[in-house]
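*Asks:* For reference, the structure I am asking about is given below.
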Amino acid sequence: MHPPSGSIEGSRHVYPVRVFFEDTDLSGIAYHANYLKWCERARSDLLRVLGIDQRAAFEAGEGVYAVSEAQIKWRRPARLDDELLVTTRALELRAASARMEQRITRGEETLAEVDIVAAFVTPEGRPRRQPAEWRRAFEKFVTKDPE
């Protein structure tokens with residue numbers, strides 16, 4: 001058995017998620033904070049798929065990505081046992097950060113739209129240029145024309 005994994009499809013990374021009981025309130029509707037957790041899992045999976053090893057970089061004292069900005073628009077609620085898809089597009093790559101757009105959908109229905117800036121920071125939390133090999137991996141993935 002393997003844990004859930006996403007894949008890159010063109011300029012998008014897609015990551016499947018199921019809404020579990022722990023994700024919901026008594027009415028079976030997902031808590032608002034879980035949308036951000038699902039997006040974080042998708043971004044972590046994207047890095048893995050791109051060949052970026054955050055854990056090794058952290059353990060070597062190089063640094064890691066940390067969210068420096070987040071904006072979310074909730075459109076519809078996710079419910080217990082829903083099968084969701086988190087789609088990620090990298091919109092902009094800077095020396096020390098990457099801006100990404102994420103959508104959480106259920107079938108054709110958009111449940112949430114998230115705009116995230118992830119900054120590369122030292123273990124002490126200071127901004128730092130991304131490693132060159134990480135930038136090269138992201139450059140292949142960045143979308144120039146947002147939809």
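The values are calculated or read from the model by the stated rules, or taken from the named source; none is laboratory data. Being a predicted model, the structure only gives us computed values, none of them experimental. Because the Cβ atoms are built from the backbone with ideal geometry, glycine has one as well, and the counts that use them run over all protein chains shown. Note: accessible area is taken over every heavy atom of the protein model, side chains too, but ligands, DNA and RNA are not part of it. Shrake-Rupley method; radii C 1.70, N 1.55, O 1.52, S 1.80 Å.
*Asks:* Is at least one residue of the stretch 46-64 buried (at least 17 other Cβ atoms within 10 Å of the Cβ) and among the charged types (D, E, K, R)?
*Replies:* Within the stretch 46-64, not a single residue is buried (at least 17 other Cβ atoms within 10 Å of the Cβ) and among the charged types (D, E, K, R).
*Asks:* Among the residues of the stretch 14-41, count how many are in a strand (DSSP E or B) and out of contact with any Lys or Arg (no Cβ under 8 Å at 6 or more places or on another chain).
*Replies:* Just the residues of the stretch 14-41 that are in a strand (DSSP E or B), to begin with: 14-18, 24, 29-30.
Of the ones still in play, those that are also out of contact with any Lys or Arg (no Cβ under 8 Å at 6 or more places or on another chain) are 14, 16, 18.
Number satisfying all stated conditions: 3.
*Asks:* Could you tell me which residue of the stretch 1-15 is farthest from ILE104 (Cα to Cα), considering only residues that are open to solvent by 60 Å² or more (accessible area, probe 1.4 Å) and in contact (Cβ under 8 Å) with a residue 60 or more places away in the chain?
*Replies:* So, considering only residues that are open to solvent by 60 Å² or more (accessible area, probe 1.4 Å) and in contact (Cβ under 8 Å) with a residue 60 or more places away in the chain, the one farthest from ILE104 (Cα to Cα) is ILE8.
*Asks:* For GLU83, are the conditions met, namely being in contact with a Lys or Arg (Cβ under 6 Å, 6 or more places away or on another chain), open to solvent by 90 Å² or more (accessible area, probe 1.4 Å) and touching a residue at least 24 places away in the same chain (Cβ under 8 Å)?
*Replies:* Working: in contact with a Lys or Arg (Cβ under 6 Å, 6 or more places away or on another chain): yes; open to solvent by 90 Å² or more (accessible area, probe 1.4 Å): yes; touching a residue at least 24 places away in the same chain (Cβ under 8 Å): yes.
So GLU83 passes the test.
*Asks:* Looking at ASP115 and the list (1) open to solvent by 70 Å² or more (accessible area, probe 1.4 Å); (2) closer than 26 Å to PRO4 by Cβ; (3) of a type outside the set (A, V, I, L, M, F, W, C), which single condition is not satisfied?
*Replies:* Of the numbered conditions (1) open to solvent by 70 Å² or more (accessible area, probe 1.4 Å); (2) closer than 26 Å to PRO4 by Cβ; (3) of a type outside the set (A, V, I, L, M, F, W, C), the odd one out for ASP115 is (1).
*Asks:* Any idea how many residues of the stretch 100-132 are over 30 Å from ARG79 (Cβ atoms) and without any contact (Cβ under 8 Å) to a residue 24 or more places away in the chain? Break it down into steps so the answer makes sense when it comes.
*Replies:* First pass over the stretch 100-132, keeping only residues over 30 Å from ARG79 (Cβ atoms): 119-132.
Then drop every residue that is not without any contact (Cβ under 8 Å) to a residue 24 or more places away in the chain, which leaves 124, 126, 132.
Number of matching residues: 3.
*Asks:* Just the residues that are farther than 15 Å from MET100 by Cα and within 18 Å of the chain's Cα centre (by Cα), please, taken from the stretch 64-81.
*Replies:* Result: VAL64, TRP74, ALA78.
*Asks:* Given the residues ARG89, ARG18, which is the only one that is surrounded by 16 or more Cβ atoms within 10 Å (Cβ to Cβ) and basic (Lys, Arg)?
*Replies:* ARG89
*Asks:* While we're here: Return yes or no: is GLU108 among the charged types (D, E, K, R) and more than 15 Å from LYS37 (Cα to Cα)?
*Replies:* Numbers: among the charged types (D, E, K, R): yes; more than 15 Å from LYS37 (Cα to Cα): yes.
Taking the combined requirement at face value, the residue satisfies it.
*Asks:* Shifting gears a bit: Are any residues in the stretch 21-44 surrounded by fewer than 17 Cβ atoms within 10 Å (Cβ to Cβ) and farther than 24 Å from MET100 by Cα, and if so, which ones?
*Replies:* Passing the criteria: PHE21, GLU22, ASP25, LEU26, SER27, GLY28, ILE29.
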